[in-house]
Structures are given as C-alpha cells and as structure tokens.
Amino acid sequence: MAQMNMIQALNSAMDIKLGQDPSVVVLGEDVGFFGGVFRVTDGLQRKYGESRVMDTPIAEGGIIAAAIGMAVNGLRPVAEIQFADYIYPGYDQIVSELARIRYRSAGEFKAPVTVRTPCGGGIRGGQTHSQSPEALFAHVAGLRVVMPSNPHDAKGLLIAAIEDDDPVIYFEPKRIYNGPFDGDPAKPAVPWSTHPKGEVPEGHFTVPIGKAEIARSGNDLTIVTYGTMVHVSDAAAKGLGLDAEIIDVRTMVPLDADTICASVARTGRCVIVHEATRFAGFGAELSATLQENCFWNLEAPILRVAGWDTPYPHAFEWEYFPGQARVAKALKAVMEAS
Amino acid sequence: MVKKSRLHVPKTPARPGDAPDFSYLKLSPAGEIARPDAGSPWSGIRFLAEGLVRVLDDQHRAVGPWHPHLDPGELQIGLRHMLLTRAFDDRMQRIQRSGKISFYIRSYGEEAVSVAMAMALRPTDMLFPSYRNQGLHVVRGRPILDLMCQCLSNTRDMCKGRQLPVMYHWREGNIFSISGNLATQFPQAVGWAMAAAIKGEDNLAVSWIGEGSSAAADFHHALLFASVYRAPVILCVVNNQWAISTFQGHAGGERETFAARGPGYGIAGVRVDGNDFLAVHAVTQWAAERARTGAGPTLIEHVTYRAAAHSTSDDAARYRPKDDYQKFPLGDPVERLKNHLIALGEWSDARHQALVAELDEHVAGSWKEAVSFGTLTGGPSLDPGLMFQDVFAEMPEHLRRQEAEMRAELAGK
C-alpha cells in the first residue's frame, strides 16, 4: 500500500494500464508534455512516448471521435476532457455514436473508450469550470457512468473502466483531488494521508463498476450520495450527532439499487445529496427508485439536497454549493418527520 | 453612393420551371490536369483542388496523365458492380413505394464514387461510409440478399432490427456501421487511421461525406486531426450538388471548391470528376499511395450529381428542374464507362442488355429469398427481446428486469 492523493491514484491507474497493455493510449488537451492541467497524466508521455500519450487540438468533438475510431481499430483510448464543462462539443459523438456503436452494429463493432473529466465546483471556477453533468450521461442508454469519492476507488475504478468493453464516462470531483473536503472552505485543507481511503495498493487492482459502497454504517438514516458530497454529508451527520449510514453510489450506471434500497429499507429514512443542480438531476432517479422499492419501509419523505437550479455562480460559489448547513437541514427534517 | 453591408444569400441556379443551369460548375477538359508524384508536398499541388481531374473525354477515350490503364476485364467488373448497385437501388425504391420497406436511399448517378474507389483500395482498408455508398458493399462481395434483409428488418437482418434501412455494417468486409447522423463518421475514420499508424500497420481508413454535411464541425475536426497527425486516411466530399432541397452554395460551395478545404488545413485536395470511373480510380490510387507512404491524408471532392431524390421521403421535382440530371455536364457514370468499353471494342449494347437482364434477375431472386426470412410487417419476425441486447457487452440487471416486463406486457399479463 502507498499513500496517494486522487491525482496520483489516477495517474497510477493509467501508468499500470499503459505498461501492461500496448493498446491503451491517452489523449487530450495538455495531457502530454505538460501532464494535464491538474497533473493527472504527469510523466506518462515521458515514459510511454508521444504516440501513446498525445496532446490534441482543442476540439472535444474531435477528441471523442478520434478515440472512437481508435477503439474500433483495437485500441483502448483514455480521452481526457479538460473540464466536464467542456464536454458538450463532444456530446453528439458520445451520445449518438460512442454509446450506440455496439448496439447499432449488433455487436460487430465496439468502442471501449474511457472519457475522464474533472467535474464539480468549489475551486472558484465560475459557471464554466464547476459543473456536474453526470445526469446528462446517466440518461443515455449504452454508457457506464462513474464518479469516485476517494483515491482508492479512483484508481480501482479507472483500471476497471479501461479494461471494460463498454464506454465509460468517468467523472473526477476535482475539489477532492488533493484531499477530502467537508464543505467548509474556511478550514485549512486536509490531505488524503489523513483518510483511510488515501491508502492505495501500488499495483493492479479494480473496484467493480456497478457496485455502491457503504462508506459508513449507521442506523438513524441513510444518506445516498457520491463524489465530494460523501465527505460533506459525513461531516453534516457527525455535526448533528446522527448515526447515519452513508452510501457512496460510485457508479450511476449501472446503478447498484440493491445496496441502496437495502439500506433505506432498514433505516426507513433517506436524504439524497449531490452537487449537481436539483431539477431532473440524478437524485430524482435515486428518489424514484427508492420510492418504488422502499415505500412501505419509509418513515419520512425522501429529501434531496443539491446545487440550486442556476448556473454555477463565481462570486456566490459557497451560497450555491450544497454545504453542511443545507445537508444538515434536510437530515433534521427527515429525522423529525414522524 | 454610400456602401452598406447587405446579407448575401447564395443563389440556387435553377428551381422547378427554370431551365437547368450548370454554368456555375468549373470544368477542365479531360486529360488537362497534371498528375504530380503521389509524394508531392501539399503546398505545391494546390492546382489539384481547383481544377477537375478527368480521364474520359467526349469521344469516350481515356486520355491524359491520370489514365489508370486498367485491364478491360477490370473495367467490365466495375461496370457490373455499378449496374448491380443501380438494379438493387431501383428494385428497393419500387419496393418502398409498395409499402414493404419503410424507407430507402438510392445512390443513382453516384455509383462510380463507391465502386471505383472500393476497387482501387485494398480489402483490408477500413471504410467509413455515408448512407449513399452501397456500392462499397457490392464491390467487397456482400450478397445483395444481406442488404435486402437489413432493409426488411427481418430475421436475417445484420442490425437485428435496430437500424433504419440502408444503415448497413460489415465487420468481415471492413465496412463500418452507418450512423444515420451525418458527418460523425468522418473524424472517426481519422481516429481509426491514427490507430493504424500507432500500431505500425499499413491499412488506410477512407470516409465519405456529402457536400451538405461538410458544414458540420465533425468535417473540420476530421481535416484538422488528419493534418495534425498526418493520418493515413482518404476523406471524400461527395459533391452531388444537393442537400435534400438545398443547393451546395449554402454549404459554402459558391466561392471555393470543397477540395480547397484540404490545402486550407495543409493537406492535399483533389477535385475529380465523380462520374468518370477511370478518374475516380486513378485519384484513389494516388491518394492511397500517398497515405501508405507516409505523405499524409488527401481530401477528394467528387463532383457528381444526385440523380434521384434525397430519399424516398422527398420529391425532387418540388425543388429543382425535372430534367436537371439530363443536362448535367458530367453525364452518367454507367453510360460513360459503358461507352468507353464499347469504344475500346470490349463491350456492346447487346452484352450490356444481357448483363442488365442478368442482374435484374439476380436482384429479383434475392428479393424472393429475402422475404422468405420475413418482412417488417409479416413473419417470421425477430424476437423483440433483441432490443435489450448489445446495449452493453453484458446485460445489466435493470435491462433484464425491463425485458421481463416487456415479455409480460406482450403476453397480456
């Protein structure tokens, strides 16, 4: 085991796969010589060469399309979209092409592409460097969608994604690249070395796509969440002295409904937390799934905590961000409902 | 007089009721355009993007430096492929009109683009077609029966009932799946070619796009990536003058040729008479040699004409003169190759008629066999459970549940 932050864990995953499998290539804006604007691909081009770790033009549609063509020709491309906010020029290639190549060709062609992209706010990124568009991809048939909340899962899920024969949209919550974040920007930054999930195996391992994890066991209520919000939710529950069970969804598609529903059926109370906007967000799918499966076990309405339904504002970042106060309010409401 | 800005709207040369007008089309006499070495730097051969490479002259002779000197036997095979493509298209058009298939797209008038190109390439070269390239399947030996079964969405449908008619694919024949969304295949072909280069393989990718959809961002991504990574790819704009009802001027063809986009990105651009089988073949060989020897990609503009309506869903008489195609100065690709073979003494009207009759019979026989595997409305039918397969490599739990739900629904439970 080694101490890693998420950046090192992701880098290690790609390093291992590039080393093991000559069909793995990495491409994206600034991923080569510079090692990525967040340093996630640092050193990989030096180690594996310019034709396996490629700097690309600033054309997300071209990056995704080229990755598709490479995958059809037997490679396993890992495409980086520099910010999730920039992914939309590639959206048609992802939704209409990448997601459906296996389907429309009746399995004759496949495109095992991993699209990595940093998401989420809390870094003073304004409305074009802060979005969490996971619901836009979870809604598309044929895509696997994942978002890790810690270095251990980041590495294991990325290796699983690269080895997967289906396309994977891999969201990296950039606020927690360097350490877990409890939602309070005034507190000094905490490194991943303080967190048990900062311990990461150095070699090859996978975290299975499609499995949620019980990040914390508890009996009072269930918090269903993912990404940065795992840590914010944990802090909010602790602040109220609640014995909350926290489910880290990890994979949006395919969703591990069994793990989530089993917990809520047991606790009878549930709050769903995500950073993305609320309306038609992924929380709505979680809430509907829970209602359909756990209605008779529920002691209180399921509540959702999310970003407001506005663009992510630069100056009002922390008023927008679903921090501990917003989560705590929902936790209290769910606990107080009889 | 004060000069003012005015919105310029490209003119369409002729609409219904007007006399056909092709005065806008820049032509070069057959044999006039020089044939530079395939390894020439792009910057020294810009003239290829401006002129029009032609081999067949008005007397049906093959002339000039692009003359590919193909064996008459090979020309006869090319003629056969074009005629089979046309016979298949005609039959499917009539079948669509009778209501037995939902939709069809003919390649009438553009057969040489697919047939001559596929014949000039290696079978291992990967093709990323548009929806008007059925000749590629014909050349690579896919039975017409298979194409018909796809159009019928029947039990032998290669797409398992998931795609509109004509959206074929053929892994074994190295022909990629047709999307139905325009232009998306163009940059994918470049990615495929980049992978070939990364792996050190000798195969090319070739892709086709209409001049109308060359307006899409995907077109520009393709040219840019092809140029940046010098990918072994041949990118083709099939300029058939019409995007459904919209004249090519609205796709940016009024001021500059489509081939000239190539030099704009630092890659070779060649404008070729797309109805001249020999010229298309020669230009393809040149571009393939260029790509295979590391001299980089080529953008080929095929100047041709969409002789049929866009698809079975539109009536071309509502937006262009009825006799437009009869007046198209580059003629018909089948007629021109036929006349060339006759001029060579290698063909005759009688042989031509016999071949057409033979192919019609083959197409009719294939159709008879195709419907025995079912039609969209009549059995035997595909299992609707197929809709849940191939969404993912392995079916996830939620799709398993939905399939069971659908089966219960169909059983009336």
task: Within region B:233-252, identify whether any single residue is of a type in the set (A, V, I, L, M, F, W, C), under 30 Å from A:SER23 (Cα atoms) and open to solvent by 30 Å² or more (accessible area, probe 1.4 Å), and answer yes or no.
output: no
- request: Could you figure out which of (1) open to solvent by 40 Å² or more (accessible area, probe 1.4 Å); (2) within 26 Å of A:ASP92 (Cβ to Cβ); (3) more than 14 Å from chain B (Cβ to nearest Cβ); (4) outside any helix (DSSP H, G or I) isn't true of A:LEU136?
  value: (4)
Conditions (1) within 19 Å of the chain's Cα centre (by Cα); (2) within 30 Å of B:PRO10 (Cα to Cα); (3) open to solvent by 10 Å² or more (accessible area, probe 1.4 Å); number of the one not met by B:TYR319: (1)
- prompt: Restricting attention to region A:323-338, does a residue exist that is surrounded by fewer than 19 Cβ atoms within 10 Å (Cβ to Cβ) and closer than 19 Å to A:ALA262 by Cα?
  reply: yes
- prompt: If you go through region B:332-352 one residue at a time, do you hit one that is of a type outside the set (Val, Ile, Thr), more than 22 Å from B:ASP71 (Cβ to Cβ), touching a Phe, Trp or Tyr at 6+ places or on another chain (Cβ under 7 Å) and open to solvent by less than 30 Å² (accessible area, probe 1.4 Å)?
  reply: no
Among the residues listed as B:GLN134, B:GLN93, the single one being within 17 Å of B:MET167 (Cα to Cα), surrounded by 20 or more Cβ atoms within 10 Å (Cβ to Cβ) and not aromatic (Phe, Trp, Tyr): B:GLN134
message: What are the pairs with Cβ atoms under 6 angstrom where one residue, in region A:40-52, is basic (Lys, Arg) and the other, located anywhere, is open to solvent by less than 40 Å² (accessible area, probe 1.4 Å)? Sequence gap at least six, or different chains.
response: A:ARG52/A:VAL25
message: Out of everything in region B:143-155 that is within 13 Å of chain A (Cβ to nearest Cβ) and crowded, with 19+ Cβ neighbours inside 10 Å, what residue ends up being nearest to B:TRP367 (Cα to Cα)?
response: B:CYS149
task: Filter region A:139-152 down to the residues that are open to solvent by less than 10 Å² (accessible area, probe 1.4 Å) and farther than 18 Å from A:HIS274 by Cα, then identify the one that is nearest to the other protein chains (Cβ to nearest Cβ).
output: A:GLY142
message: Restricting to region A:98-127, name every residue that is assigned to a helix (DSSP H, G or I) and either in contact (Cβ under 8 Å) with a residue 12 or more places away in the chain or among the aliphatic types (A, V, I, L, M) (or both).
response: A:LEU98, A:ALA99, A:ARG100, A:ILE101, A:ARG102, A:TYR103, A:GLY126, A:GLN127
Selection from region A:306-315 of residues that are in contact (Cβ under 8 Å) with a residue 60 or more places away in the chain and open to solvent by less than 20 Å² (accessible area, probe 1.4 Å): A:GLY307, A:TYR312
query: Do you know which residues across region B:115-134 are out of contact with any strand residue (DSSP E or B) (no Cβ under 8 Å at 6 or more places or on another chain) and not in a loop (DSSP other than H, G, I, E, B)?
result: B:VAL115, B:ALA116, B:MET119, B:ALA120, B:GLN134
message: Tell me the residue from B:PRO20, B:PRO29, B:PRO13 that is without any contact (Cβ under 8 Å) to a residue 60 or more places away in the chain and surrounded by 13 or more Cβ atoms within 10 Å (Cβ to Cβ), please.
response: B:PRO29
message: Please go through region B:47-61 and give me each residue that is of a type in the set (Val, Ile, Thr) and either open to solvent by 30 Å² or more (accessible area, probe 1.4 Å) or assigned to a loop (DSSP other than H, G, I, E, B) (or both), ordered by number.
response: B:VAL55
- line: B:LEU7 fails exactly one of (1) open to solvent by less than 40 Å² (accessible area, probe 1.4 Å); (2) free of Cβ contacts under 8 Å to residues at least 40 places away in the same chain, namely (1)
- prompt: Where in region A:231-337 are there helices (runs of 4 or more DSSP H), lying wholly inside it, with at least 1 residues that are more than 14 Å from chain B (Cβ to nearest Cβ) and among the hydroxyl-bearing types (Ser, Thr, Tyr)?
  reply: A:257-267, A:282-294, A:317-320
task: Quick one: in region A:153-172, of everything that is farther than 13 Å from A:VAL78 by Cβ and among the acidic types (Asp, Glu), which residue is most open to solvent (accessible area, probe 1.4 Å)?
output: A:ASP165
statement: Within region A:94-133, residues being hydrophobic (A, V, I, L, M, F, W, C), open to solvent by 10 Å² or more (accessible area, probe 1.4 Å) and within 14 Å of chain B (Cβ to nearest Cβ) number 2
statement: Of (1) open to solvent by 60 Å² or more (accessible area, probe 1.4 Å); (2) among the aliphatic types (A, V, I, L, M); (3) away from chain A (no Cβ under 14 Å), B:MET387 fails just (3)
query: From the list B:GLY109, B:GLY64, which residue is without any contact (Cβ under 8 Å) to a residue 40 or more places away in the chain and part of a loop (DSSP other than H, G, I, E, B)?
result: B:GLY64
- request: Pick out the one residue from B:PHE128, B:PHE103 that is within 14 Å of another protein chain (Cβ to nearest Cβ) and of a type in the set (A, V, I, L, M, F, W, C).
  value: B:PHE128
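Per-residue answers, yes or no, for (1) surrounded by 15 or more Cβ atoms within 10 Å (Cβ to Cβ); (2) in contact with a Ser or Thr (Cβ under 7 Å, 6 or more places away or on another chain); (3) basic (Lys, Arg):
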| position | (1), (2), (3) |
| --- | --- |
| A:SER233 | yes, yes, no |
| A:VAL253 | yes, no, no |
| A:ARG278 | yes, no, yes |
| A:ALA284 | yes, no, no |
| A:SER287 | yes, no, no |
| A:GLU317 | yes, no, no |
query: Restricting region A:5-39 to residues that are free of Cβ contacts under 8 Å to residues at least 40 places away in the same chain and at positive phi, which is surrounded by the fewest Cβ atoms within 10 Å (Cβ to Cβ)?
result: A:ARG39
- prompt: Out of B:GLY44, B:GLY78, B:GLY39, B:GLY73, which single residue is within 30 Å of B:GLU361 (Cβ to Cβ) and either of a type in the set (Val, Ile, Thr) or exposed (fewer than 15 other Cβ atoms within 10 Å of the Cβ) (or both)?
  reply: B:GLY73
task: Output the residues belonging to region A:238-250 that are touching a Leu at 6+ places or on another chain (Cβ under 8 Å) and open to solvent by less than 40 Å² (accessible area, probe 1.4 Å).
output: A:LEU242, A:ALA244, A:GLU245, A:VAL249, A:ARG250
message: Taking the condition of being within 9 Å of chain B (Cβ to nearest Cβ) and open to solvent by less than 10 Å² (accessible area, probe 1.4 Å), how many residues in region A:84-93 meet it?
response: 1
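Let's see how each residue does on (1) among the small types (Gly, Ala, Ser); (2) away from chain A (no Cβ under 14 Å):
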{"site": "B:ASN203", "(1), (2)": "no, no"}
{"site": "B:SER213", "(1), (2)": "yes, no"}
{"site": "B:ASP218", "(1), (2)": "no, no"}
{"site": "B:LEU223", "(1), (2)": "no, no"}
{"site": "B:ALA231", "(1), (2)": "yes, no"}
{"site": "B:VAL237", "(1), (2)": "no, yes"}
{"site": "B:GLY274", "(1), (2)": "yes, yes"}
{"site": "B:PHE277", "(1), (2)": "no, yes"}
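The values are calculated or read from the model by the stated rules, or taken from the named source; none is laboratory data. For clarity, every value in this text was computed on a predicted model and none was experimentally measured. Glycine gets a Cβ as well: all are built from the backbone with ideal geometry, and neighbour counts include every protein chain shown. Accessible surface areas use protein heavy atoms only, side chains included; no ligands, DNA or RNA. Shrake-Rupley method; radii C 1.70, N 1.55, O 1.52, S 1.80 Å.
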